[in-house]
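Visitor: Structure below; questions to follow.
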Amino acid sequence: MKPLLLALLVATACYAQDASVKPGINDKFLDPQLNVEEWSRKFETESREIFHEREKIVAAVGLKPGMAMADIGAGTGLFTLHFAQAVGESGRVYAVEIAKNFIDHIKARAAKVSATNVQTILCTEKSVELPEASIDLAFICDVYHHFEYPQASLATLHRALKPGGELVLIDFKRVPGVSSDFIMGHVRAGQEVFEAEVAAAGFEKVAEVTGLLKENYFVRFRRR
């Protein structure tokens, strides 16, 4: 993508946050009648790359005992309990979700295995609703493209991270002529644009994990 066009796209995302960048993308998750079992079957299936590679992804995130981290857009809790085990009893996992039905489901999953280090957070379309300087790492997996107000949400995430804290971004590769019609229609932009938006929010790209995923990219940022 040409630098001028990329800069224009990022500027639009940064300064036009009164309007959603993808209107309606979260409507189904905000439905009070959301069927969690149905979404569990969709999210937690071996045909979904991030589920199939979940243990490798968790290992690559590199959590340590005692860390506090946020599972942003935790969904049905696919990664939440894995993270809870990784940070241990002295750590904390904030499962952040916009869908109350998912929040209730994660609470039940955590209670079932006595994962007392899991705390659920009901977020909004513009805020992750986390306390300032409360986390060492934020994990956003196949969720960033659901951010309707990316710069507003990223600003709250920046505040929630401790100085030097990290953000892990995993999302679909969106390549014209290569990616599926679903990805092209569902995901609003490719890796370059998403990375530039995150950088504009006060983060520095520090690494990219390659060879682990085929349908997704895996990038690490550090809070500036």
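Visitor: Work out the FRET efficiency for ALA19 and SER134 from their Cβ-Cβ distance, taking R0 = 41 Å, and round it to the nearest 0.05.
Guide: The pair ALA19/SER134 has a calculated efficiency of 0.90.
Visitor: If you place +1 on the Cβ of every Lys and Arg and -1 on the Cβ of every Asp and Glu, how big does the dipole about the Cα centre of the chain come out, in debye to the nearest 20?
Guide: Here the chain has a charge dipole of around 380 debye.
Visitor: LYS22: which aspartates and glutamates have alpha carbons under 13 Å from its alpha carbon, excluding same-chain residues fewer than 8 sequence positions away?
Guide: Result set, ordered by chain and number: GLU125, GLU148.
Visitor: Now a separate question. Relative to the Cα centre, what is the charge dipole magnitude of the range 49-175, using +1 at the beta carbon of each Lys and Arg, -1 at the beta carbon of each Asp and Glu, and rounding to the nearest 20 debye?
Guide: That gives a dipole near 160 debye.
Visitor: Could you work out how much longer the chain between PHE51 and ASP31 gets when fully extended? Use 0.36 nm per residue separation minus the Cα distance between them, nm to one decimal.
Guide: So the chain would gain 4.8 nm between PHE51 and ASP31.
Visitor: Once label points are set 7 Å from the Cα along Cα→Cβ at both LYS214 and ASP104, what is their separation, rounded to one decimal in nm?
Guide: Inter-label distance under the simple model: 3.9 nm.
Visitor: Under a point spin-label approximation (7 Å from Cα along Cα-to-Cβ), what is the VAL113-GLU125 distance to one decimal in nm?
Guide: 3.4 nm
Visitor: Over the chain, with a Gaussian network built from C-alpha contacts below 10 Å, which listed residue (ALA99, ALA155, ALA84) shows the highest mean-square fluctuation?
Guide: Residue with maximal mean-square fluctuation among ALA99, ALA155, ALA84: ALA155.
No lab work stands behind these numbers, since they all come straight from the coordinates. Please read these numbers as outputs of a predicted model, since none were measured by experiment. No Cβ is skipped: glycine too gets one built from the backbone with ideal geometry, and neighbour counts run over all protein chains shown.
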